[in-house]
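The values are calculated or read from the model by the stated rules, or taken from the named source; none is laboratory data. These numbers were taken from a predicted model, which means no experiment stands behind them. Cβ atoms come from the backbone with ideal geometry, glycine included; neighbour counts cover every protein chain shown. SASA here: full protein model, heavy atoms, side chains in, ligands and nucleic acids out. Shrake-Rupley method; radii C 1.70, N 1.55, O 1.52, S 1.80 Å.
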Amino acid sequence: VTEEQLEEYGLKTPAKTVTFTDKVYGLQSFCIGAYNTYNGTYCAYKNGDKTTVYLLDGAFYTEFERAVESFVYYDDLPAFKPEGLKSLTLTQGDRTVTLTRGTDREGKAVWYRSVNGEAPVQVAPDLASSLELLVGDMDYLACLGVKTADFSEYGLHENTTRMTLVYRQTVGGAEVERAFELTLGSIDKYGYYYA
C-alpha cells in the first residue's frame, strides 16, 4: 500500500501497537488498525514496514485488550497436605519462634514450640490443628506491582516478620522436603497481610 492508503486501513494512527520478542525472529512489532467486520480480522503492518498490510485474526487483538497484569505469571503458595508440614518458623528482629510437628508415644501428631532455641514445649492440640488448617489453606488474594522503594508503605521494610515453612511434598512418586519463606508486612483494612 501507499502512505495515503494507510488511512483507509485505520493505520494512519494505529489503534494499538503490540511489541514482543520472539525466540526465532527477535523483536516483533505489530501496529493494528481497522477491524474488518466481513471476516473478523484486523488490518496491521509489522516491524515499521508501512508498505504491506496484513490481516490478523481478531483474537490477536482481543488477547492484547487484557490488562498487562493478566499476562504475568504470579507465584503460588506451596500446595501440601497439612500432615506434610514439618515446621513453621516466625522471625522478627532478635526473636524466633519455631513450631515443629512431631509424634507422641501413640503415634499421634503433636506440635512443639521453641522460642530462640530454648527447649521445646508441647502446644495445645486445638492450637496445633488450627495451625495446620491455617497454613494448608493460605493463598494469595492479589498481586500488586510495587517498587522496592515503596516497600515501607506496605510494612515490608527491614524489621519485618519472616515466616519459613518446611514441608514434605510428593514429587514424581518420591517424597521431598522443601522450604518456603514469606516476608510479612502490615495488615490492610480488611485484615489481610501484605507479603
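Here are the numbers for this structure:
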item: Residue-span extension gain [Ala109 to Thr19] - 0.36 nm each, minus C-alpha spacing; result: 26.9 nm
item: In degrees, nearest ten, helix 125-136 long axis to first principal axis of the chain (Cα); result: 20 degrees
item: Per residue accessible area of region 129-193, 1.4 Å probe, in Å²; result: 73 Å²
item: Rel. contact order, % - alpha carbon contacts under 8 angstrom, at least six apart, region 110-195; result: 19 percent
item: Portion, in percent, of the accessible area of the chain that falls on carbon or sulfur, probe 1.4 Å; result: 51 percent
item: Taking the C-alpha atoms of region 9-53, convex hull volume expressed per residue in Å³; result: 83 Å³
item: Cross-link reach list, aspartates and glutamates versus Lys46, counting only Cα pairs under 20 Å and skipping chain neighbours closer than eight places; result: Glu3, Glu4, Glu7, Glu8, Asp22, Asp57, Glu63, Glu65
item: Alpha-carbon centroid distance for the pair region 1-66 / region 145-166, whole angstrom; result: 42 Å
item: Net charge of neighbours whose Cβ lies under 13 Å from the Cβ of Thr164, counting Lys and Arg as +1 and Asp and Glu as -1; result: +1
item: Exposure ranking of Ile32, Ile187 by accessible area [1.4 Å probe, largest first]; result: Ile187, Ile32
item: Size of charge dipole - region 69-195 - debye, nearest 20, with Cβ of Lys, Arg +1 and Asp, Glu -1, no other charges; result: 340 debye
item: Descending principal axes extents, the chain, alpha-carbon based, whole Å; result: 84, 42, 31
item: Listed residue (Ser87, Ser152, Ile32) projecting farthest to the positive dipole end of the chain, Cβ model; result: Ser87
item: Charge context of Lys50, other residues only, Cβ under 14 angstrom, K/R +1, D/E -1; result: -3
item: Karplus-derived 3J(HN,Hα), 6.51/-1.76/1.60, for each residue of region 178-194, Hz, glycine and proline x; result: 10, 10, 9, 10, 10, 9, 9, x, 7, 9, 7, 5, 9, x, 9, 7, 7
item: Cut-off of 10 Å, at most 13 other beta carbons, DSSP loop: longest stretch of the chain lacking such chymotrypsin sites (Phe, Trp or Tyr not before Pro); result: 75-139
item: Segment Leu144-Tyr38, extension gain: residue separation times 0.36 nm, minus the distance between their alpha carbons; result: 34.1 nm
item: Candidate lysines for bridging to Lys86, where Cα separation is under 16 Å - those fewer than 8 sequence places away on the same chain excluded; result: Lys108
item: Region 1-144, relative contact order in percent, only Cα pairs under 8 angstrom and at least six apart counted; result: 13 percent
